[in-house]
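Trainee: One structure is given below, represented as structure tokens, and several questions about it will come after.
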Amino acid sequence: MKKSIIVAGLAGLMALSMAGCGGGTSDGTTTAGSGSTGGSTSGYNLVPKDTNGDGVITIGFAQVGAESGWRTANTQSYKDYFVAANGFKLVFADANQDADKQKQDVRDLIAQGVEVIDLAPVTDSGWEPVLQEAKDAGIPLIISDRQLSVSDDLYLTYFGGNMEQEGKTAVQWLQDYIAANKITDPINIVHLQGTIGSTAQKGRTQALADAAPGLGWNIVFEQTGEFTQAKGQEVMESFLQQGKDFNVIYSENDDMTYGAIDALKAAGKDVESIIIISFDGNKSAVQMVIDGLIDVIAECDPLLGPQVGDLIKKAEAGQTIAKVTYSVEGFIDSTNATEKIKTAFGS
Ligand code: AHR
């Protein structure tokens with residue numbers, strides 16, 4: 001199949017996508033009280049404050065690792081924002097993509113007596129006891145980046161991406177692209193998954209798994225590339241050695257996409273003839289959209305530091321904050337990449 005440049009009709013998807021996942025959507029509210037036991041609509045009654053009176057709120061940030069360009073930008077946004085000039089001190093813990101280590105990281109932050117914890121979870125299982133320990137210690141806890149399915153009374157608020165919606169945006173884009181270009185060839189998809197058990201992987205995978213059978217799309221290969229470029233390349237190389245037909249790559253982040261493209265080039269494949277779907281929106285990836293290598297990127301915003309800081313300040317001041325707030329996310333394709341690159345994150 002030769003990739004064509006028809007993109008008419010996809011503009012409607014942009015509006016749909018922005019309406020579906022942007023604009024600070026919320027699905028519940030927490031009323032943060034002005035004291036340490038302020039009222040809550042969800043049974044959660046802790047709010048961040050300067051408990052030791054040193055003039056700043058000490059925030060312990062339990063970060064996933066440094067696996068991707070997205071992650072680097074995310075960490076930097078915390079390091080830039082959570083400084084004394086903004087009324088904060090940052091204690092940073094890097095889990096190195098290890099879910100068990102991260103639970104110990106949070107316990108260490110509790111032992112250090114930080115005044116609020118921000119948890120960006122590697123994976124979504126086994127968190128209840130740790131969150132309960134933070135609550136018992138009187139330390140408010142915020143979940144960011146990757147949502148957790150835990151009881152509302154274990155955390156103050158979630159801020160970050162709506163991962164399943166991002167997947168739905170990508171799936172809808174492909175559906176519209178196939179229709180606009182009158183593609184009748186079988187759709188054979190190589191699916192590169194992120195870290196298994198992370199909600200970023202689960203949501204993006206779920207959207208594809210839900211849609212593919214009904215649309216007659218075949219998933220000819222599915223394996224984790226752990227959100228890294230090296231693993232994305234390795235996994236793509238091993239698939240290419242099987243010699244199977246494919247015409248779409250659904251890669252759950254930009255770094256794995258870079259690796260997959262390197263593997264395609266090394267194997268002498270015509271990269272532009274393959275429909276490549278990616279997630280995140282790093283500047284280099286947006287440039288690859290402009291260059292015709294990547295077809296679409298479902299956006300995921302990493303610049304969460306100031307937005308989380310804003311929520312903390314509102315809660316500290318006794319304002320009502322949403323239990324769940326999703327980042328504003330759309331998609332980037334040939335219709336808007338030259339605009340999007342002006343504000344893209346990273347390098
Ligand atoms: O949770 C966000 C995901 O984690 C990003 O898509 C990926 O690049 C990162 O590693």
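The values are calculated or read from the model by the stated rules, or taken from the named source; none is laboratory data. All figures in this text were calculated on a predicted structure; none of them were measured in a lab. When we count neighbours, we look across all protein chains shown, and the Cβ atoms used for this are built from the backbone with ideal geometry, even at glycine.
Trainee: Is there a residue in segment 238-245 that is over 18 Å from N162 (Cβ atoms), within 16 Å of the ligand (Cβ to nearest atom), among the aromatic types (F, W, Y) and in a helix (DSSP H, G or I)?
Mentor: Within segment 238-245 (the criterion being over 18 Å from N162 (Cβ atoms), within 16 Å of the ligand (Cβ to nearest atom), among the aromatic types (F, W, Y) and in a helix (DSSP H, G or I)), the answer is no, since none of the residues qualifies.
Trainee: Working only within segment 65-109, note down all residues that are assigned to a loop (DSSP other than H, G, I, E, B) and either of a type in the set (V, I, T) or touching a Leu at 6+ places or on another chain (Cβ under 6 Å) (or both).
Mentor: Selection gives F82, V83.
Trainee: Please find, among T123, T157, the residue that is among the polar types (S, T, N, Q) and either under 20 Å from A322 (Cβ atoms) or away from the ligand (no atom under 13 Å from the Cβ) (or both).
Mentor: Only one candidate passes the filter, namely T157.
Trainee: What pairs come up if the first residue lies in segment 330-347 and is at negative phi, the second is part of a loop (DSSP other than H, G, I, E, B) and aliphatic (A, V, I, L, M), and their beta carbons are under 8 Å apart, counting only those six or more places apart or on different chains?
Mentor: Short answer, once both residue conditions are applied: D333/V7; D333/L10; S334/I5; S334/V7; T335/V7; T335/L10; F345/L303.
Trainee: Is it fair to say I261 is β-branched (V, I, T), out of contact with any Cys (no Cβ under 9 Å at 6 or more places or on another chain), under 18 Å from F221 (Cβ atoms) and modelled with pLDDT of 95 or more?
Mentor: Yes, satisfied.
Table: residues versus (1) charged (D, E, K, R); (2) crowded, with 20+ Cβ neighbours inside 10 Å; (3) part of a helix (DSSP H, G or I).
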| site | (1), (2), (3) |
| --- | --- |
| A111 | no, no, yes |
| D118 | yes, yes, no |
| D124 | yes, no, no |
| P129 | no, no, yes |
| Q132 | no, no, yes |
| I139 | no, yes, no |
| I142 | no, yes, no |
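Trainee: Still on this structure, I have one more. If the requirement is being within 16 Å of the ligand (Cβ to nearest atom) and farther than 24 Å from V122 by Cβ, which of these qualifies: I219, I187, I183, I276?
Mentor: When all the criteria are applied, what remains is I276.
Trainee: Quick check on S251: is it under 25 Å from A209 (Cβ atoms) and touching a Phe, Trp or Tyr at 6+ places or on another chain (Cβ under 9 Å)?
Mentor: Criteria met by S251.
Trainee: Something else now. Quick one: would you say G214 is part of a helix (DSSP H, G or I) and within 16 Å of the ligand (Cβ to nearest atom)?
Mentor: In short, no.
Trainee: So how many residues does segment 246-271 have that are part of a helix (DSSP H, G or I) and in contact with an Asp or Glu (Cβ under 6 Å, 6 or more places away or on another chain)? Talk me through it step by step, then tell me what you get.
Mentor: So the first thing to find is which residues in segment 246-271 are part of a helix (DSSP H, G or I), and the list is 254-266, 271.
Now drop any that are not in contact with an Asp or Glu (Cβ under 6 Å, 6 or more places away or on another chain), which leaves 254, 263.
Qualifying residue count, segment 246-271: 2.
Trainee: Ok, one more. Looking at segment 190-202 only, could you name the residues that are touching a helix residue (DSSP H, G or I) at 6+ places or on another chain (Cβ under 7 Å) and near the ligand (Cβ under 8 Å from one of its atoms)?
Mentor: Once the filter is applied, which keeps residues that are touching a helix residue (DSSP H, G or I) at 6+ places or on another chain (Cβ under 7 Å) and near the ligand (Cβ under 8 Å from one of its atoms), segment 190-202 yields G194, T195, T199, A200.
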